[in-house]
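Data block below; observations after.
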């Protein structure tokens with residue numbers, strides 16, 4: 001099954017937040033969707049330019065899949081000059097990486113995070129490799145995670161509590177399931193929203209809850 005279908009992705013703006021595979025998911029979706037639709041990849045924060053997709057600072061002319069952003073420090077791209085509403089009018093799907101996680105598998109959010117554009121659908125990625133591990137080692141903003149949960153270990157119950165306290169997403173993608181499948185399945189069962197279990201590095205969807 002395609003990731004886009006498993007996530008019930010709709011046309012328009014989709015913000016991808018969380019940790020443990022945001023960029024990989026965005027690129028998988030871009031590849032799938034560009035076979036039948038016009039796709040823009042961009043960010044509301046910062047991303048490294050994807051090697052697989054043409055890059056521009058402003059969209060002009062025809063395209064099937066393109067990355068748009070403004071160059072900034074450390075070779076990264078930041079928010080495009082064109083508004084997200086403008087981009088929405090130019091493509092069928094606009095995929096927006098809307099969060100940062102310092103390459104850690106789990107994340108809690110401060111008040112200014114994530115940067116979700118108005119009207120965007122929200123998919124939250126969760127890295128199963130961080131489950132049942134000390135939060136100081138695996139959670140970006142672990143102090144905030146502790147405030148939300150009171151737990152120093154990222155148990156499935158604690159992660160579910162944090163995700164529900166923040167309540168940003170319509171659907172969750174629990175990635176890296178091959179690293180801790182039992183904990184990933186337990187987390188999925190604790191979430192009231194739909195959760196898809198996957199191994200993005202293998203391009204596999206395992207199941208959904």
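Where a number appears in this text, it was derived from the coordinates with a stated rule and is not lab data. Worth saying up front: this structure is predicted, and the values here are computed from it rather than measured. All Cβ positions, glycine included, derive from the backbone under ideal geometry; neighbour counts span all protein chains shown.
A few points about this structure:
- Those strands (runs of 3 or more DSSP E) of segment 1-92 in which at least 2 residues are within 28 Å of residue 167 (Cα to Cα) and under 20 Å from the mean Cα position of the chain (by Cα), considering only elements entirely within it, cover 12-18, 39-43.
- Any hit, segment 95-107, residues being in contact with a strand residue (DSSP E or B) (Cβ under 6 Å, 6 or more places away or on another chain), assigned to a helix (DSSP H, G or I) and on the phi < 0 side of the Ramachandran plot: no
- In segment 88-108, residue surrounded by the most Cβ atoms within 10 Å (Cβ to Cβ) [restricted to those that are farther than 17 Å from residue 173 by Cα and in contact (Cβ under 8 Å) with a residue 60 or more places away in the chain]: 94
- Look at (1) within 15 Å of the chain's Cα centre (by Cα); (2) assigned to a helix (DSSP H, G or I); (3) surrounded by 14 or more Cβ atoms within 10 Å (Cβ to Cβ) and you find that residue 201 fails only one, number (3).
- Selection count where residues are under 12 Å from residue 187 (Cβ atoms) and in contact with a helix residue (DSSP H, G or I) (Cβ under 6 Å, 6 or more places away or on another chain), scope segment 114-132: 4
- Residues (touching a residue at least 24 places away in the same chain (Cβ under 8 Å), surrounded by fewer than 21 Cβ atoms within 10 Å (Cβ to Cβ) and either closer than 10 Å to residue 106 by Cα or out of contact with any strand residue (DSSP E or B) (no Cβ under 7 Å at 6 or more places or on another chain) (or both)) located in segment 148-170: 148, 155, 157, 164, 166
- Checked against the criteria, residue 169 does not count as within 18 Å of residue 6 (Cα to Cα), within 16 Å of the chain's Cα centre (by Cα) and part of a strand (DSSP E or B).
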